[in-house]
Amino acid sequence: MSRILKTGLLLALVFGVVWLAVIIWWQESRTLPTGTDIALYLFALPLALIAAGWAGGRIIRARREAKAAPAPAAPAGEEEAAPAEDLARMVVLASTARAALGDDPAAIHAALSKHQRPALDASLKNAQGFPIFSGRAEHLDTVALREAASAEAGGDGSLPDDCLRAAALLSEVVETLSQEARARVLDKDEPRRDEDWPQLQLELLLPAEWPQRARMHAQDRARDAAVWVPGRLDVRVHNAPGALASDTLLRQLAQEPLNETSATLRLVAAADSYIDAGLVQDWDAEGKLVSTANPQGRVPGEAAAGLLLDLALGVPDAAQPDEPPVNAVALTLSPTARRATEADARGAAGEPMLAELTTRLLEQLGQRPDAIRAVVSDADHRGSRPLETAGLASAVFPALDPNQDCLSVGSACGYTGAASHLLTLAIAGETCAQTDAPVLAVMTQDPALRTLALVSRPIRPSA
């Protein structure tokens, strides 16, 4: 009875509003309505509005029911045939990073906790001649780097500034992690001959758009910086066409079959830089540079980061005698998901897909959401990216403090391109060490693809 009464009142309200509006319009325009006008405006118009509202309500209810409806059951036998989602797992012995905020993950983490942001760069200016914001690593001297590169190349100083700076950051990362690897070998037993040293393989990720001479320069600098027996050092250079190139490489390494001749020690490092006056001018002309007129533009940044992996420790083998060192971390990469709308599209908003991916990852690993003590993302200021991370934390980790427990690497370091993924993992590893609890790393730099990584304290190889 109450439903009929509500429906009647709603119909009367629609007719009343339409009649009042039409009559006032006729009076103001001094119109003498005909029989057709009365039938059209006083009866057909309110009935059309009522029909449109009824149809719209049916469509909305149908969409809600479709979303809430459970997925159809799989045919018999198909559930067993469908493979489960694979998670890439590995053990990280050490990690490090270089960026505008500091020369190690601890310094960068401290700056992120204080919500530091990129500063104005007097050396980089837009088309109007005003300084722009940038994430510049202040300890690098571009002039000195160019002179050194010119001397090594016999007078050829044609390498772009961004390539020189990224190569310098990369060599610093390689030096630090190779020293870590060397210390771990010496802690066990000092090899008496060069042949007794384990093989160390450098996996270097460099931007795909770099010229070949820049790639060779970076490779040579990394090889020279490695503190390792030269005859036991291998170098592989990989193209990094996007922000998730290192994610793809890590998955490949996790699945790589090992044999007696395989190098189980892998130093994975990536570097990228956009601190270059010519590149900034190109961004400005293309509408990619952040400004008051273009708040969704990029802030030029630069960084290098790396992980030292022991692939043998990531192999599930209960008979294996070695265990991860106490200060190592376990890294688990989630499957990759795709947004329905690209994050750079106009009007793009957060999507529930990221929360669903996180929930599924935690369930697969047997982790409770309240055990996660922090969320570290590569998000910057652009578009929906910070909103995605904030929405994820609110939906899955409501106990986390969004100001202290949710760190956004990109918002403080600027756009770091190919280095952003490993940089985020390095900061997540530092956060895990400081909190002594699992940390979730969220990757949002790619316009469409999303992936996660859970960083936790040491696990046994059989886990």
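Results, tabulated for the structure shown:
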{"read-out": "Single residue of the stretch 94-112 satisfying the filter (among the small types (Gly, Ala, Ser) and part of a helix (DSSP H, G or I)) that is surrounded by the most Cβ atoms within 10 Å (Cβ to Cβ)", "value": "Ala111"}
{"read-out": "Residues within the stretch 150-196 that are over 26 Å from Ala97 (Cβ atoms) and either polar (S, T, N, Q) or crowded, with 17+ Cβ neighbours inside 10 Å (or both), tallied", "value": "2"}
{"read-out": "Tally, over the stretch 159-183, of residues that are closer than 14 Å to Ala271 by Cα and either in contact with a His (Cβ under 8 Å, 6 or more places away or on another chain) or among the small types (Gly, Ala, Ser) (or both)", "value": "6"}
{"read-out": "Residue within the stretch 364-373 that is farther than 14 Å from Met443 by Cα, free of Cβ contacts under 8 Å to residues at least 24 places away in the same chain, touching a strand residue (DSSP E or B) at 6+ places or on another chain (Cβ under 9 Å) and not small (Gly, Ala, Ser) present", "value": "no"}
{"read-out": "Test result for Ala243, more than 22 Å from Ser178 (Cα to Cα), in contact (Cβ under 8 Å) with a residue 60 or more places away in the chain and in contact with a His (Cβ under 7 Å, 6 or more places away or on another chain)", "value": "yes"}
{"read-out": "Any hit, the stretch 396-419, residues being farther than 26 Å from Thr176 by Cβ and among the β-branched types (Val, Ile, Thr)", "value": "yes"}
{"read-out": "Those residues of the stretch 197-206 which are closer than 20 Å to Thr248 by Cα, surrounded by fewer than 24 Cβ atoms within 10 Å (Cβ to Cβ) and in contact with an Asp or Glu (Cβ under 8 Å, 6 or more places away or on another chain), in sequence order", "value": "Gln201"}
{"read-out": "Residue ranges of helices (runs of 4 or more DSSP H) in the stretch 134-239 with at least 1 members closer than 15 Å to Gly306 by Cα and touching a residue at least 60 places away in the same chain (Cβ under 8 Å)", "value": "161-188"}
{"read-out": "Residue count for the stretch 120-174, restricted to those that are more than 28 Å from the chain's Cα centre (by Cα) and of a type in the set (Val, Ile, Thr)", "value": "2"}
{"read-out": "Residue list for the stretch 102-119, restricted to those being charged (D, E, K, R) and within 19 Å of the chain's Cα centre (by Cα)", "value": "Arg117"}
{"read-out": "The lone exception for Val375 - which of (1) touching a Leu at 6+ places or on another chain (Cβ under 6 Å); (2) under 24 Å from Ser134 (Cβ atoms) it fails", "value": "(2)"}
{"read-out": "Test: residue in the stretch 335-344 that is surrounded by fewer than 18 Cβ atoms within 10 Å (Cβ to Cβ), assigned to a strand (DSSP E or B), modelled with pLDDT of 90 or more and of a type in the set (Gly, Ala, Ser)", "value": "yes"}
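The values are calculated or read from the model by the stated rules, or taken from the named source; none is laboratory data. Given the structure is predicted, the values throughout are model-derived calculations rather than measurements. All Cβ positions, even for glycine, are placed from backbone atoms using ideal geometry, and neighbour counts span all protein chains on display.
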